[in-house]
Amino acid sequence: MYINQSKNVKHQYSSDKNLAARINLHAKHSTNKQGFFPWLFEHYQFSNSGTILELGCGNAMQWKGRTSKLPHGSSLILSDFSHGMLEAAKENLSPIQDNISFMQIDIQDIPFPAGAFDTIIANHMLYYVPDIDSALAQVSRVLKKDGRFYATTISNNGGGIGEYIRDVMKKFGVDASEYAQNIPFNIENGSDILGRHFASVKRYDYVDSLAITETNDLIDWLQSSMFMSGFGEESIRELYEYFENIRVAQGSINIPKETCLFIQQNQ
């Protein structure tokens with residue numbers, strides 16, 4: 001499966017263009033109006049003067065407008081596998097606070113000593129990692145004994161969205177099955193995988209769905225996916241008309257979402 005092949009991840013996230021299209025769809029059309037990032041910050045527990053590492057920070061949108069939530073004396077390192085993502089993160093958080101820094105890091109080889117961090121975050125990225133156990137062993141190593149590790153993921157059917165899109169793409173002769181199944185780290189197997197490395201694992205589900213009222217936003221989101229790479233203008237126009245007819249008939253394009261947060265603690 002392509003999702004956790006390094007060359008494909010590098011291509012998909014060489015810049016934040018694809019990620020921005022995905023964030024935009026969820027920000028504009030999610031039915032849970034609290035928003036995913038505010039919900040996450042309700043669960044984060046940062047300690048005073050604590051050290052925080054985010055792995056796979058992407059364009060750092062979860063921190064935009066929220067860096068004030070960092071406790072006094074704390075430090076935050078935003079890291080990503082992609083140099084392009086880090087550049088986007090710096091731009092989104094400009095001007096950058098003195099207690100925030102940026103590093104290019106592979107989660108499978110974290111360049112810090114044991115027990116370096118009070119908090120580690122890895123949101124919607126563990127399913128891209130080729131060797132998940134190697135990565136989690138690294139996270140456990142650099143996390144303090146009483147530290148917390150926060151990781152989000154989606155369900156094995158592509159977070160609900162993937163299954164819906166897979167069925168639609170069949171109508172257009174496109175095999176998107178790999179997008180909708182066999183997510184290596186998912187809601188269903190996450191507790192078991194994390195339990196191999198952490199003494200305490202808790203799961204919190206984020207209840208949400210999409211009600212898309214602007215068809216172009218969905219098309220932009222689809223075009224950010226690898227299985228759409230062979231689509232020409234005519235095929236995209238046909239796909240737009242298919243979804244636009246649904247939007248007109250139903251008032252919105254309704255798609256399920258399945259997402260959760262796992263919280264782990266070293267003991």
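The values are calculated or read from the model by the stated rules, or taken from the named source; none is laboratory data. Please read all numbers here as calculations on a predicted model, not as lab measurements. When we count neighbours, we look across all protein chains shown, and the Cβ atoms used for this are built from the backbone with ideal geometry, even at glycine. Calculation scope for accessible area: heavy atoms of the full protein, side chains included, ligands and nucleic acids excluded. Shrake-Rupley method; radii C 1.70, N 1.55, O 1.52, S 1.80 Å.
Observations on the model:
- Take the conditions (1) of a type outside the set (S, T, Y); (2) buried (at least 20 other Cβ atoms within 10 Å of the Cβ); (3) in contact (Cβ under 8 Å) with a residue 60 or more places away in the chain; (4) part of a helix (DSSP H, G or I); D217 misses just one of them, which is (2).
- Any hit, region 3-12, residues being part of a loop (DSSP other than H, G, I, E, B) and either of a type in the set (S, T, Y) or at pLDDT 95 or above (or both): no
- From the list A176, A137, the one residue that fits, being among the aliphatic types (A, V, I, L, M) and either open to solvent by 50 Å² or more (accessible area, probe 1.4 Å) or under 24 Å from Q108 (Cβ atoms) (or both), is A137.
- Any chance S79 is modelled with pLDDT of 95 or more, under 19 Å from Y150 (Cβ atoms), touching a Cys at 6+ places or on another chain (Cβ under 9 Å) and among the small types (G, A, S): yes
- Hits in region 55-77 - residues which are outside any loop (DSSP other than H, G, I, E, B) and farther than 30 Å from I219 by Cα: T67, S68, K69, S75, L76, I77
- Checked across region 99-121, the condition of being surrounded by 15 or more Cβ atoms within 10 Å (Cβ to Cβ) and in a helix (DSSP H, G or I) holds for no residue.
- Output for region 179-210, where each listed residue is open to solvent by 30 Å² or more (accessible area, probe 1.4 Å), modelled with pLDDT of 95 or more and over 18 Å from the mean Cα position of the chain (by Cα): D192, G195, R196, H197, V201, K202
- Pair list, Cβ < 7 Å and 6+ apart or interchain, from region 144-167 residues that are within 15 Å of C260 (Cβ to Cβ) and assigned to a helix (DSSP H, G or I) to residues that are β-branched (V, I, T) and open to solvent by less than 10 Å² (accessible area, probe 1.4 Å): I161/I255
- All positions within region 19-54 that are of a type in the set (V, I, T) and outside any loop (DSSP other than H, G, I, E, B): I23, T51, I52
- Enumeration of residues in region 220-245 that are at pLDDT 95 or above, exposed (fewer than 14 other Cβ atoms within 10 Å of the Cβ) and among the charged types (D, E, K, R): E241
- When residues of region 29-73 are limited to those that are of a type in the set (S, T, Y) and over 21 Å from M125 (Cβ atoms), the one most open to solvent (accessible area, probe 1.4 Å): S68
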